[in-house]
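Reading through the structure tokens given below for one structure.
Please treat every number below as a calculation from the coordinates, not as lab data. All values derive from a computational prediction rather than experimental measurement. Cβ coordinates were reconstructed from backbone atoms using ideal geometry, including for glycine residues, and neighbour counts include every protein chain displayed.
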Ligand SMILES: [Mg+2]
Ligand SMILES: [Zn+2]
């Protein structure tokens, strides 16, 4: 365990058990590649794994939630996606980080065939994937956080009652003005690790206040 957890009281840890950290995938944890379809295209953004490792150590649950309409569009299959996520899990594990679950939406309202062509509830900006995590992992969404590089991430988070952090990696810089205009962003951070540090400070503060 890293020294980074030494300052946290065990009390703080107990109180964060139902908090979820929902990371978008492309542009947030790994460098943005249009319709990433092969495992070898997956490259972690510096310190992204560190953010997840420290969140693991802190005691919050960590999820990835990602739109993958490339499946509906026929660009890759669910099997391809499983291989990509296997590599993601392996790269994270190499740095001592793990995710509790990866949620993905393979759908698109306008492309493909059954079962992928549909107006689903999981495609961001809809909050379906966050609600699924609430059901499956007992997450309190109002105490949870979404970290992403696009407005759709922020909107999904807000629809689910989460707080939201926009990172400036991926599309973050490009979409920043639009996201701020929509008032969907609670705070802006340079990258996933900087977002985690701000979230950690908020969680520590809340734990102290609720004593
Ligand atoms: Mg993204
Ligand atoms: Zn979907």
Stretched fully, the stretch from residue 18 through residue 174 gains (0.36 nm per residue minus C-alpha distance, one decimal, in nm) 52.9 nm
Nearest 10 degrees, 0 to 90: what angle lies between the long axis of helix 48-58 and the longest principal axis of the chain (Cα atoms)?
50
Grab the beta carbon distance between residue 206 and residue 135, set R0 = 25 Å, and tell me the FRET efficiency rounded to 0.05.
0.55
At the level of C-alpha centres, the distance separating region 146-180 and region 15-74, in angstrom, is 14
Under a plain spin-label model, where a point goes 7 Å from the Cα along Cα-to-Cβ, how far apart in nm are residue 142 and residue 101?
2.1
Sort 176-184, 102-110 by the packing proxy (mean of other Cβ within 10 Å over each peptide's residues), most packed first.
102-110, 176-184
Likely footprinting exposure, 100, 26, fewest C-beta neighbours within 10 Å first:
100, 26
Radius of gyration and maximum dimension Dmax of the chain, Cα, Å:
16.5, 53
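Which value, to two decimals, describes the C-alpha radius of gyration of region 96-193 once divided by 2.2 N^0.38 Å?
Details: Rg = 14.1 Å, N = 98, 2.2 N^0.38 = 12.6 Å.
Compared with the compact-globule rule of thumb, region 96-193 sits at 1.12.
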